[in-house]
Structures are given as structure tokens and as C-alpha cells.
1. If you bin every alpha carbon distance in the chain into 10 Å steps from zero, what whole percent lands in each bin?
2. I'd like the Karplus ³J(HN,Hα) series for the range 111-117: coefficients 6.51, -1.76, 1.60, θ = phi - 60°, whole numbers in Hz, and an x wherever there's a Gly or Pro.
3. Can you list residues from other chains, or at least 5 along the same chain, whose modelled amide H is less than 5 Å from the amide H of THR58?
4. So which aspartates and glutamates can LYS108 reach, going by Cα to Cα under 14 Å and dropping same-chain residues fewer than 8 places off?
5. For every other residue with a beta carbon closer than 14 angstrom to the beta carbon of ALA29, add +1 if it is Lys or Arg and -1 if Asp or Glu, then tell me the sum.
6. My understanding is that a pair violates if its Cα-Cα distance is over 27 Å; which of LYS3/LYS355; LYS77/LYS251; LYS3/LYS59; LYS290/LYS355; LYS3/LYS290 do that in this structure?
7. Which whole-percent values make up P(r) of the range 258-367 when all C-alpha to C-alpha distances are grouped in 10 Å steps starting at zero?
8. What is the packing order of peptides 216-229, 103-116, 17-30, taking the mean over residues of other C-beta atoms within 10 Å and listing the highest first?
Amino acid sequence: MSKLFTPIDLRGVRLRNRIVIPPMHQYAADDGHVSDWTMMNAGRFAAGGPGLFFVESTKVERRGAGTVGDLGLWDDKFVPGMTRLASFIRRCGAVPGIQLGHSGRKAKRFRPWEGGHALTGPEAEDPTWRIVGPSAIAQGNGYETPEAPDTEGVRQMVANWVAAAVRARDAGFDVLEIHGAHGYLVNQFLSDVANQRTDEYGGSFENRTRFLCEIVEGVRGIWPDDKPLFVRLSVEDHANWTVEDSIALSKRLKELGVDVVDCSSGGIGRTQGGPPLEVGYQVPYASALKREAGIMTMAVGLIFDPEHAEEILQTGDADLIAVGRGVQNEPNWPFHAAVALGEEAPFDLLPDQQKYWLANRAKRGWR
Ligand SMILES: Cc1cc2nc3c(=O)[nH]c(=O)nc-3n(C[C@H](O)[C@H](O)[C@H](O)COP(=O)(O)O)c2cc1C
């Protein structure tokens, strides 16, 4: 049996294999609520055979919504839709996970295919949708300067993350990921470029990591002990945040009860290079954190081939493999990977509705 298809236990949650569908924004929510598209998109990928499916970055407060189509968990009214979504993902065969996020100073934009620029029109006038960040420093040209909350306001933001996590728990998700990457709010607090606060949330490494650590402490306090907690980091944000910073932070996160660091990069806005965008370019981040911080890691980014995914696990560079655009291209990627790696019962990954027919077809040599 390949390592990719060896089940893994994360606390009390068993993943049937190590393929994870990473969070991928659809920007298709109905005023923050789960929509038909949200359901279809989740089912399409969860039924293709992965161990774990992550619902896209779901916002912990209104101000943090990136577009008019972002999913929300900033109010109890979103819980029934999310409950249906979590249960549907489970019925499709995958463990339901959700990423919680807050876009901070990158909030309130048009969707990428609409141009991605600052939102205009009636929705932009919503007085509750004000842009916040750690400091009044804009992401760059074409971005609004955020309001910087006072210390009490930051504490309230921490509380908003915890309240959203309670709702994710109540909706029945088994895995929670805190979005700390890609230049969004948590990443902004970590960064000395975006965060120039002079209170306890800015300045030293300890102060800049305080926001995330307090979120993790609060979330771990309400998230069941038998369910795993992930944090996604921009291991290098290509401004001043380095791999060494991520190693030091991951050691702390592990102490606070984080199980897996999902290793991504970039997004803070001031680019100073980074590795070339080639196959597996972020795997060295997963490897560094796993080895140096002693924490489980997920590798993500331009991983397309099952053999490559298997090799990453075999060399001990990561514990989980996320495949994003690979499954957008081919939703049954995990099933095909099982066939390619010679797994004994690849059809068992599929729901009965497809398994029966495809297994019969294969018996007749029609595959
Ligand atoms: C359509 C799309 C939406 C995405 N939305 C999110 C998101 O909600 N949260 C997040 O952390 N990353 C998001 N990402 C990044 C992916 O999770 C993943 O890290 C990235 O696509 C690299 O993996 P890949 O090369 O396998 O696609 C998104 C990527 C795509 C293509």
C-alpha cells in the first residue's frame, strides 16, 4: 500500500487517505449563506475520493469578507446551511473541514474574474463592512487604508474568531483551519510591514504573534479535544517574515494544541522574490517545519502527479498532500491516483452511485 493511501489518525479523526482538498474560494455564497453552488462544489470534490475536504475561507466577521460572495460564520443564522454542508461532505465520503478567515486590509474587493479591484456600488456603502487591519497601512496601490482598532478592538476580533469556531463546531465540522497566510488579517498581524502597532499586538516577534496565539488558545478551548486544528501560514511572506520565523511560531503553535501547519507562502504585498513557481515549490517549507518544529505539515502548491505526492510522503517532507487546481481540473483525482499507484480497491473511494458502474466497467476491461 502506498503512503498516500495509508489512513492517518489526527487526534480522534481518521482520514481514509492523505489527500486533502485545500480551501478554494468560490465567491458564490448568497449573502454569506451556503448556496447551491457551495453544495455542488463540495460534493464534486468530496465524492472524488479525498481523505479531507476543506470548505473555503469562511469569514469570522462581516468586515473580513473579501467579496460579496464570501461565506460567513459571523452570525448564528449561518449555522443551518453549514450543518447541511458538513453533513453532505461526510455523505460524499470525505471528512468535512472548514477554514476560518478574515481578509483584513484586503477585504471588500470584486471577485478575481471581475477584476479584483476595490468594491464599488451599493454593497460597498454597507456601513458594517469597514476595512480593518493591524495598522492604518494599505496593502498597496488601489487598496483602501484600513482602520486600526485599539487594543480592546483587537481583543474583540480574537473573540470573533472563537465565536465563529463555536459555530463551525456546532455545524459538525471535524477539522478546523485558521487562515494565517496569504497576506490576510492574521498574516498582517505577523508582518512588521503591515503591523506597526505600539501596543502588545505589535513590535517584537512575541507581540506580532500574539494575535494568532490568542486565537489558537481561544479556539482550542472550545474545539473538541478529539478533533484536529490546522493553521495555514505563509511560511515566507516574501516581505520580512522568514522560514525561521515560521519555525519559531510553529513550535509555539504546537504547544498551544495545533496539530498541522499547512505550508503556503506569499500575499503580504511587497514582493522580494521567493522560489520560482515550479512543481512542488512550497514542499521545502513543509519539510523545514516538520523537521525543525517537530509538527505535522501539509504540503500544497503545484502538486499534480500521484507519484510526486507519494514521494513527498516517502521522503518525510510532509504528512498530508493538498491538491487544489489538480482537482479542479479532474475532481476524481484521488480515485485516479489510487489506480495509478496500484491500490487494491480504488473503487471503494467512490460513492455507491458511481462505484458500482465503474467497477463493473473495469471488470469488462473497458477502463
Ligand atoms: C480558486 C481558488 C481559490 C482559493 N481560495 C483559497 C482560500 O479560500 N483559502 C486559502 O487559504 N487558499 C485558497 N486558495 C489557495 C489554495 O488553497 C492552494 O493553496 C493553491 O491553489 C495552491 O495549490 P494548487 O497548486 O494545488 O492549486 C485558492 C486557490 C484557488 C485556485
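1. Distribution as computed: 5, 25, 34, 25, 8, 2, 0, 0 percent.
2. The phi angles translate into 4, x, 7, 9, x, x, 8 Hz.
3. Hits under the 5 Å cutoff: GLN99, LEU100, GLY101.
4. Cross-link targets: ASP31, GLU61, ASP70, GLU123, GLU125, ASP126, GLU144, GLU147.
5. -2
6. Pairs exceeding the cut-off: LYS77/LYS251; LYS3/LYS59; LYS290/LYS355.
7. Distribution as computed: 13, 36, 29, 15, 6, 1 percent.
8. Highest-to-lowest ranking by the protection proxy: 17-30, 103-116, 216-229.
Every number in this text was worked out from the coordinates using simple rules, so none of it is lab data. Just so you know, these numbers come straight off a predicted model, no measurement behind them. Backbone-built Cβ (ideal geometry, glycine too); neighbour counts: all protein chains shown.
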